[in-house]
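Okay, structure first, notes after.
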Amino acid sequence: MCRIGLLRNLCPVPSLNQHHAVFQRRVALVHHDEVRSDRRRSYRGLGARALTAIGVATLLGSMLAGNAQATTIDAGNSASGAVSHGYRHGLVQHVGTNLPGLLGLTNLQYGGGTAAVGVTTGAPKVILVFWGSQWGSAGTDTNGNTTLTGDSQGTASRLQGFFKGLGTGAETWSGVMTQYCEGVASGAKSCAAGDAHVGYPTGGALAGVWADPSVAAPAQATGNQIGAEAVKAAGHFGNTTAASNRNVQYVVLSPTGTHPDGFNTTTGQFCAWHDYTGDTTMSGGAPLSPYGPLAFTNAPYVTDAGSSCGSNFVNAGPSGATDGVTIVEGHEYAETISDQFPAGGWTDIQGNENGDKCAWISSGQGAAQNIALTTGSYPVQSTWANDYSGSTGGCEVAHATVK
């Protein structure tokens with residue numbers, strides 16, 4: 001791996017300290033998950049990105065002097081091939097395995113909407129779907145959260161507490177996403193007061209929990225099968241119209257030991273991704289939804305991947321073993337509400353969403369950290385704010401709500 005300024009992965013390794021001496025500052029390198037939409041593939045070849053990286057690298061020194069945000073240069077695809085499928089929007093790659101991108105140099109822009117939808121404009125509603133008989137028998141903990149005997153890491157309770165807590169106690173992590181909107185011109189990079197902004201999850205984002213033990217979850221589900229489970233969940237909750245699903249996202253959680261869409265395999269070094277049921281490029285094809293297009297997340301059992309998917313990324317010891325659970329799902333949640341039916345919402349010129357640009361920052365501006373909610377303390381990553389630092393853009397964990 002090579003760093004020339006901030007250009008990496010193109011030559012043998014020099015000392016990182018040499019580059020810190022050049023720039024006279026600490027740079028937090030952002031590991032991102034590169035996502036492609038079909039309409040951008042024509043100009044996103046590996047060679048083109050590498051040449052762009054080389055051309056921009058010479059400018060970084062002066063730019064960094066006035067930019068507190070961690071910045072990286074794109075040198076192409078992940079070596080693992082994890083981003084080779086266009087339907088894996090907002091893909092969270094393993095810690096340290098992804099190549100960098102022009103993440104800190106480009107703000108998000110509006111994609112014009114998909115099926116007339118750009119962002120989640122009402123209060124976001126999250127439905128957690130624990131897919132498969134492998135989750136075991138359901139119970140209830142002292143906080144009223146559903147527990148499952150096959151959930152050895154207690155991920156179900158962690159996620160429920162997290163989503164119950166969002167939008168309560170005046171928490172400001174959710175405020176970062178509210179600066180984005182829909183109904184503006186395609187290519188716009190800002191929104192005005194009165195535009196249809198991303199909604200704040202007042203009173204909590206959790207709208208439902210369903211443990212579906214009707215059949216065993218597949219050992220390696222396709223995108224189509226994951227989306228079909230989201231459709232099944234919509235029917236279970238009575239969300240049988242496009243209107244009733246307008247602000248809903250379905251988080252399809254696979255049980256431990258499974259590999260949805262190749263998770264935790266040599267050809268699928270990722271932690272999660274999101275999409276919508278109208279995407280015909282996903283593995284197995286688009287699932288049939290009689291309820292209108294649905295936003296859903298492929299949420300594997302991320303603790304199976306250990307530190308590669310965030311275990312102990314923020315907190316040391318046993319309490320940090322589930323750090324990745326809320327870091328990864330928080331990433332996908334934030335991206336879904338700002339790009340509900342990809343990629344009609346907010347992405348940068350490479351297709352990266354607001355979570356991609358700030359993934360796995362361990363120190364400095366935008367570092368992942370615990371946030372205090374009324375339901376407890378939960379580790380999260382920052383997300384991209386176009387309006388940071390005079391609209392130069394950057395990663396933030398807290399932001400006032402924009403309406």
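FYI, it's all coordinate maths here, none of it is from the lab. Treat the numbers as computed from the prediction; the structure is a model and nothing was measured. Glycine gets a Cβ as well: all are built from the backbone with ideal geometry, and neighbour counts include every protein chain shown.
How long is the gain from Ser319 to Thr97 if the chain were fully straight, where each residue apart is worth 0.36 nm and the alpha carbon distance is subtracted? If you can, show how the numbers build up before the last one.
Numbers: separation 222, 0.36 × 222 = 79.92 nm, distance 2.44 nm.
Result: 77.5 nm gained on full extension.
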Using only the alpha carbons, work out the radius of gyration and Dmax of the range 195-334 in angstrom. 15.6, 46
Report the gain in length on full extension from Thr140 to Thr241: 0.36 nm times residue separation, minus Cα-Cα distance, nm rounded to one decimal. 33.3 nm
Ranked on Cβ counts within 10 Å of their own Cβ, fewest leading, Asp323, Asp356, Asp339 go Asp323, Asp356, Asp339
Cβ-Cβ cut-off under 9 Å around Gly118, Lys and Arg +1, Asp and Glu -1: the net charge is -2
Give me the extension gain from Ala123 to Ser377: residue separation times 0.36 nm, minus the current Cα-Cα distance, reported in nm with one decimal. 89.2 nm
Can you grab the distance from the C-alpha centre of the range 314-391 to the C-alpha centre of the range 164-203, Å, no decimals? 15
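Which order do the peptides 325-334, 224-233, 246-255, 134-143 come out in when sorted by mean C-beta neighbours inside 10 angstrom, highest first?
Details: 325-334: 27.2, 224-233: 23.4, 246-255: 25.4, 134-143: 13.8.
Top of the packing list down: 325-334, 246-255, 224-233, 134-143.
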